[in-house]
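Structure, as structure tokens:
The values are calculated or read from the model by the stated rules, or taken from the named source; none is laboratory data. From a predicted model like this one, the values you see are computed outputs, not experimental measurements. So basically every Cβ, Gly included, is an ideal-geometry build from the backbone, and we count neighbours across all protein chains shown. Note: areas computed on protein heavy atoms with side chains; ligands, DNA, RNA excluded. Shrake-Rupley method; radii C 1.70, N 1.55, O 1.52, S 1.80 Å.
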Amino acid sequence: MKTILIIEDYKDILENLTEYFEMEGYKILAANNGRQGIELAREFIPDVIICDCLMYEMDGSEVLRLLLASPETCEIPFIFSTSLSQKLDCENALKLGADNFIVKPYELDTLLNMVKGLIKSGSKRHHLAF
């Protein structure tokens, strides 16, 4: 069973995503803030992370930076989820090292396809020459 870590500070979205992906057959780790998400990522090494960009305490960019800095978590595929719809925000997220970016509101099937693709292919960062 593949594991998805969802980091989202909006309770309703976190609960809806958790329920949806569990019904699709995934094990879900749920975090309502960035610090908790990083702890779960380090402890369980999920197959994919879906992380909200704008959160209190620690935003998604900081979460990604900290995960990329650790050898244990640097290759976990990472999807930013946000309400920001500007193209520049998407480009910045990808420059930071995110594998994909989805804008709220989105179709759950679209997010599911992103997750399936990243589980199959792994992070693009894995394929980059450093």
With Kirkwood radius over Cα pairs in Å in mind, check (i) 14.4; (ii) 17.7; (iii) 15.9 and report the label derived from this structure. (i)
Summed over the other residues with a beta carbon less than 9 angstrom from that of Ala30, with K and R at +1 and D and E at -1, the charge totals -2
Gaussian network model of the chain, springs between alpha carbon atoms under 10 Å - residue of Ile102, Ile45, Ile13 with greatest fluctuation: Ile13
Of all accessible surface on the range 20-95 at a 1.4 Å probe, what whole percent is carbon and sulfur? 50 percent
Send over a whole-number figure in Å² for the accessible area per residue of the chain, probe 1.4 Å. 56 Å²
Expressed as a whole-number percentage, the relative contact order of the chain with C-alpha contacts under 8 angstrom and at least six residues apart is 21 percent
Dipole magnitude of the chain about its Cα centre (Cβ charges: Lys, Arg +1; Asp, Glu -1), debye to nearest 20: 500 debye
Just to confirm the filter: which GluC sites (Glu not before Pro) across the range 9-78 are DSSP coil and have at most 11 other Cβ within 10 angstrom of their Cβ? Glu57, Glu72
